[in-house]
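Trainee: Supplied in C-alpha cells, the structure appears directly below.
The values are calculated or read from the model by the stated rules, or taken from the named source; none is laboratory data. Computed from a prediction, not measured in an experiment: that's the story for all the values here. When we count neighbours, we look across all protein chains shown, and the Cβ atoms used for this are built from the backbone with ideal geometry, even at glycine. These accessible areas exclude ligands, DNA and RNA; they are computed on the full protein's heavy atoms, side chains included. Shrake-Rupley method; radii C 1.70, N 1.55, O 1.52, S 1.80 Å.
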Amino acid sequence: MNILVIGANGQIGSELVPALREKFGRNNVIAADKKISKKSKSSNDDKDLFLDVLNKESLEKIVSENDIQIIFHLAAILSAIAENVPQKGWDININGLMNILEVGRNHNIKKIIWPSSIAVFGPKTPKINTPNDTILRPTTMYGITKVSGELLINYYHEKYDLDVRSVRLPGIISNKTLPGGGTTDYAVEIFYEALKNKKYISFLKRDTKLPMMYMPDCISAMIMLLEAESSQLKRRVYNITSMSFSVEEIAQEIKRHIPEFVIQYDPDFRQEIANTWPESINDSLARKEWKWNPSYDLCAMTKDMIQKLKKRVL
Ligand code: AKB
C-alpha cells in the first residue's frame, strides 16, 4: 500500500507523515510539497519530493513511478489568505483538487483523503451543535472552495466510484509546524506568545467561540477515516470536533499554567470570517459510523501544548 501525502510540510502533513511512516513503513509513504524542507533537501531523501499540485503531469509521474494507491491531499490556501488572494485560493483549493480527482480515476487510486473545513458553514447555518447535513452557504472564498470541493468529491464518487473521504476540520492546534494563514491560527499563536512574552494580542474578540481540535486527535481521525471499511461509511463528508472555546476561555486556561499571562483584544478582518462560522458542531455521525472519539479537551490540550512547547520555545 503506497501512500502519497501532498502538502506534507504543512501544519497537518508534518505530523501525519511520521505517523503514517510509523504505521505503514517508511518506504511506503512519499511526502510531497511545494515547499521542500531544509532537512529533506540536505538529506536528499527520495521519499520527499517536490510537487506543485497544479502541475498535473508531475503529479501523474509521481503516482505512476511510485505505484501510489492512497493519496492524502492536504495542500490548501486557508481562510485568511484566501480572502486576500481569491483567485489563488480557487486555483490551489479547487483546480488542485480536480487534478487529484482526475489522476485518482485515471490511475485507479484506491482511496483519497481530503480535508474539508467548518468554513463550509455560513451565517445562515445553525451556529450551535451544527449538524452534518445543513445549510452550506459560506460567505468566504475559502468556504466557497471547500463547499465546491465537497460537491466535487461526491460527484467523482457517484459517477466514477472513486473512494474519496473527507472530514470537516475545525481549527487545529499543534506545536510542531505553525498553521499558515487561517482564522483559527490565534489558538496556536497564543501559546507561543504566552510562553515567550507572557502577553498575546488576539485578532479575534474575547467572546468569539469556535470548534477546535488538538493535533493528535486530528491525526487519528485521518488514519481512522482511511482505515474505515467502505460499508461503515454512509456519506463522503463528516463533521468532526473535540472542543469549543472562546478566546477568553483559552486565555483563562493558559493562565492556570502561566499566571502572569495577559491577553488583549484587537480584532481585525479575520473577525468577520469567524463571525460566519459555527460555535460548536455535531459530529455524532462520525462517532456512530466509524467510531470517531477524540481524546483531548481544552484542559488536556493546554497542559500538553505548554509542556511540549516549553522545551522548544524557552
Ligand atoms: C482556517 O482557519 O482557515 C482553518 C480552518 C478552520 O479550516 N484552520
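Trainee: So if I check each of Met212, Met222, which one is at pLDDT 95 or above, within 11 Å of the ligand (Cβ to nearest atom) and open to solvent by less than 20 Å² (accessible area, probe 1.4 Å)?
Mentor: Exactly one of Met212, Met222 is at pLDDT 95 or above, within 11 Å of the ligand (Cβ to nearest atom) and open to solvent by less than 20 Å² (accessible area, probe 1.4 Å), namely Met212.
Trainee: Being within 16 Å of the ligand (Cβ to nearest atom), open to solvent by less than 20 Å² (accessible area, probe 1.4 Å) and within 21 Å of Ile113 (Cβ to Cβ) is the filter here; which residues of segment 131-140 pass it?
Mentor: Scanning segment 131-140 gives no hits.
Trainee: Let me ask you something else. Given Asp297, Asp283, which one is of a type in the set (Asp, Glu), more than 15 Å from the ligand (Cβ to nearest atom) and within 22 Å of Met213 (Cβ to Cβ)?
Mentor: Unique residue meeting the criteria: Asp297.
Trainee: Tell me the residue from Ala76, Ala80 that is within 11 Å of the ligand (Cβ to nearest atom), open to solvent by less than 20 Å² (accessible area, probe 1.4 Å) and not acidic (Asp, Glu), please.
Mentor: Ala80
Trainee: Hey, another quick one. Quick one: Pro126 ticks every box in (1) within 16 Å of Gly7 (Cβ to Cβ); (2) away from the ligand (no atom under 13 Å from the Cβ) bar one, so which box is it?
Mentor: Tallying (1) within 16 Å of Gly7 (Cβ to Cβ); (2) away from the ligand (no atom under 13 Å from the Cβ), Pro126 fails exactly one: (1).
Trainee: Any idea which residue in segment 157-196 is farthest from the ligand (Cβ to nearest atom), counting only those that are open to solvent by 10 Å² or more (accessible area, probe 1.4 Å) and of a type in the set (Ser, Thr, Tyr)?
Mentor: Among them, the one singled out is Tyr160.
Here's the yes/no breakdown for (1) of a type in the set (Lys, Arg); (2) surrounded by fewer than 16 Cβ atoms within 10 Å (Cβ to Cβ); (3) at negative phi; (4) free of Cβ contacts under 8 Å to residues at least 60 places away in the same chain:
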position: Asp91; (1), (2), (3), (4): no, yes, yes, yes
position: Asn95; (1), (2), (3), (4): no, yes, yes, yes
position: Leu101; (1), (2), (3), (4): no, no, yes, no
position: Gly104; (1), (2), (3), (4): no, no, yes, no
position: Ile109; (1), (2), (3), (4): no, no, yes, yes
position: Ile112; (1), (2), (3), (4): no, no, yes, yes
position: Ser117; (1), (2), (3), (4): no, no, yes, yes
position: Pro123; (1), (2), (3), (4): no, yes, yes, no
position: Asn129; (1), (2), (3), (4): no, yes, no, no
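Trainee: When Ile112 is evaluated against the numbered criteria (1) within 16 Å of the ligand (Cβ to nearest atom); (2) within 15 Å of the chain's Cα centre (by Cα), which criterion, by number, is the only one it fails?
Mentor: (1)
Trainee: Determine, yes or no, whether Ile273 is of a type in the set (A, V, I, L, M), within 16 Å of the ligand (Cβ to nearest atom), within 22 Å of Lys124 (Cβ to Cβ) and surrounded by 18 or more Cβ atoms within 10 Å (Cβ to Cβ).
Mentor: In short, yes.
Trainee: Quick one: Ala31 ticks every box in (1) away from the ligand (no atom under 15 Å from the Cβ); (2) over 22 Å from Ala228 (Cβ atoms); (3) assigned to a loop (DSSP other than H, G, I, E, B) bar one, so which box is it?
Mentor: Evaluating Ala31 over (1) away from the ligand (no atom under 15 Å from the Cβ); (2) over 22 Å from Ala228 (Cβ atoms); (3) assigned to a loop (DSSP other than H, G, I, E, B) leaves (3) as the failure.
Trainee: For segment 192-220, name all the residues that are among the aliphatic types (A, V, I, L, M), outside any strand (DSSP E or B) and out of contact with any Ser or Thr (no Cβ under 9 Å at 6 or more places or on another chain).
Mentor: Residues satisfying the conditions are Ala194, Leu195, Ile219.
Trainee: Just to be sure, is Gly143 within 16 Å of the ligand (Cβ to nearest atom), within 17 Å of the chain's Cα centre (by Cα), outside the structural domain of Gly7 (by TED's automatic domain parsing) and of a type outside the set (Asp, Glu)?
Mentor: Considered against the rule, which asks whether it is within 16 Å of the ligand (Cβ to nearest atom), within 17 Å of the chain's Cα centre (by Cα), outside the structural domain of Gly7 (by TED's automatic domain parsing) and of a type outside the set (Asp, Glu), Gly143 comes out as no.
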